[in-house]
Amino acid sequence: MKTQDIRLESLVGKHTLSAVYFDAEGDVQVCRFTLDKKHYEAVEGNNDGYRSSLDRLSITKVAPKKKIKPVKVIGQMHPQNHSEEIIQFLNPKTNKPILEIGTSNCDDYYPSFVAEFHQENI
């Protein structure tokens, strides 16, 4: 399947989120989501059971298996320290995160893959 890798920062701004689906490919997690009718996949890098990170974010032709009622979101980079890179898609009315993708720095010690869907914030 042909994909096009992109940077998290390219998704900053206003969007419509219409699908979110979590899957696994072997030992790694995959989060597939649809923004503005484009399909994306965030893939966890190989991990050792202790550390993991976002390996790649890609535009893909594979549609997520689960659609949601379309919701307006605002993509912004999470205010973080220098070793984290997370984009949050926020509910513009409540400013609460609906979807978060990236790599966090747990306990200022080890990286951790982030792919979280907060359906309650829709």
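The values are calculated or read from the model by the stated rules, or taken from the named source; none is laboratory data. Note that the structure is a prediction, hence the values are computed from the model and not measured. Every residue, glycine as well, gets a Cβ built from its backbone with ideal geometry; the counts of neighbours run over all protein chains shown.
Some notes on this structure:
- Test: residue in region 45-52 that is basic (Lys, Arg) and modelled with pLDDT of 95 or more: no
- Given (1) basic (Lys, Arg); (2) farther than 16 Å from GLU116 by Cα; (3) modelled with pLDDT under 95, index of the condition LYS66 fails: (2)
- Residue check, VAL114 at pLDDT 95 or above, in contact with a strand residue (DSSP E or B) (Cβ under 6 Å, 6 or more places away or on another chain) and of a type in the set (Val, Ile, Thr): no
- Considering region 2-25, and only residues there that are over 12 Å from the mean Cα position of the chain (by Cα) and of a type in the set (Ser, Thr, Tyr), the residue that is farthest from HIS39 (Cα to Cα) turns out to be SER10.
- The residue pairs whose first member lies in region 10-34 and is on the phi > 0 side of the Ramachandran plot, whose second member is modelled with pLDDT of 95 or more, and whose beta carbons are closer than 9 Å, counting only pairs six or more residues apart or on different chains, are GLY13/ILE74; GLY13/GLY75; GLY13/GLN76.
- Index of the failed condition, SER52 passing every other in (1) touching a Pro at 6+ places or on another chain (Cβ under 8 Å); (2) assigned to a strand (DSSP E or B); (3) buried (at least 18 other Cβ atoms within 10 Å of the Cβ): (2)
- Residue list for region 23-49, restricted to those being out of contact with any Leu (no Cβ under 8 Å at 6 or more places or on another chain) and not in a strand (DSSP E or B): GLY26, ASP27, ASP36, LYS37, ASN46, ASN47, ASP48, GLY49
- Considering residues of region 3-42 that are hydroxyl-bearing (Ser, Thr, Tyr) and touching a Ser or Thr at 6+ places or on another chain (Cβ under 6 Å) only, the residue surrounded by the most Cβ atoms within 10 Å (Cβ to Cβ): THR34
- Checking each residue in region 72-102 for being at pLDDT below 95 and in a loop (DSSP other than H, G, I, E, B) picks out HIS78, PRO79, GLN80, ASN81, HIS82, SER83, GLU84.
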